[in-house]
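Inspection log for the structure reproduced underneath, given as structure tokens.
The values are calculated or read from the model by the stated rules, or taken from the named source; none is laboratory data. Small disclaimer: the values here were computed from a predicted structure and weren't measured. A quick note on method: Cβ atoms are made from the backbone with ideal geometry, for glycine too, and the neighbour counts reach across all protein chains shown. Note: accessible area is taken over every heavy atom of the protein model, side chains too, but ligands, DNA and RNA are not part of it. Shrake-Rupley method; radii C 1.70, N 1.55, O 1.52, S 1.80 Å.
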Amino acid sequence: LTRRALDSHWFEKPPFYFIVTSFLYSIFGVTEYAARLTTSIFSIICLIYVFKIGKELKDSVTGYFGALALLLNVSYLYYSRMAMLDVILTSFITISSYYFLLSLKNNRYLERILSGIFIGFAVLTKSIVGFLPLIAFGIIYLILMLKREKSFIESSKELATIFLCSLTVSLPWHIYMF
């Protein structure tokens with residue numbers, strides 16, 4: 001590596017995918033199979049969490065149909081077999097959304113922390129795009145405040161918890177790059 005390459009800062013593509021893929025390279029060798037395996041594993045994880053969200057929102061049948069609809073989507077199948085970051089990002093956003101829904105239902109602190117942690121992993125997968133769930137969660141809290149189901153203070157604390165947990169996961173790498 002040149003000195004310039006060593007001194008460069010790489011904010012656009014955070015390290016999560018590359019770390020997991022390099023681990024798989026150490027097991028299976030530097031092959032196309034190993035490069036695509038990370039995305040394939042996360043596509044299966046995403047299907048599982050789509051099922052869990054459907055089950056949580058309604059029932060098991062809804063979960064099965066949600067996962068089946070995703071599985072039969074041609075674009076999802078295509079990207080699930082490619083060595084790309086989009087399915088991994090989608091998986092982390094889906095997992096984060098699942099724990100967010102659980103935190104709203106059960107009002108448990110741990111589920112908010114898990115939601116934030118997975119947003120942090122989404123940021124470590126595809127940078128600032130990983131923060132998109134926070135906007136959706138903020139809109140949900142706004143709706144809950146308008147319906148008078150949650151107060152502003154309570155909503156702010158819960159959203160801040162999720163945000164701080166996501167920063168705890170994603171910020172160290174960004175600080176190191178800076």
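Some values worked out for this structure:
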read-out: Contacts under 6 angstrom Cβ, first residue in the stretch 101-118 being within 15 Å of residue 150 (Cα to Cα), partner not small (Gly, Ala, Ser), 6 or more apart; value: 101/56; 103/111; 103/112
read-out: Any hit, the stretch 139-155, residues being touching a Lys or Arg at 6+ places or on another chain (Cβ under 7 Å) and within 23 Å of residue 35 (Cα to Cα); value: no
read-out: Wholly enclosed helices (runs of 4 or more DSSP H) of the stretch 63-170 bearing at least 3 residues touching a helix residue (DSSP H, G or I) at 6+ places or on another chain (Cβ under 6 Å), closer than 26 Å to residue 41 by Cβ and of a type outside the set (A, V, I, L, M, F, W, C); value: 74-80, 86-106, 109-126
read-out: Conditions (1) at positive phi; (2) open to solvent by 50 Å² or more (accessible area, probe 1.4 Å); number of the one not met by residue 127; value: (2)
read-out: Any hit, the stretch 158-177, residues being of a type in the set (D, E, K, R) and under 22 Å from residue 52 (Cβ atoms); value: yes
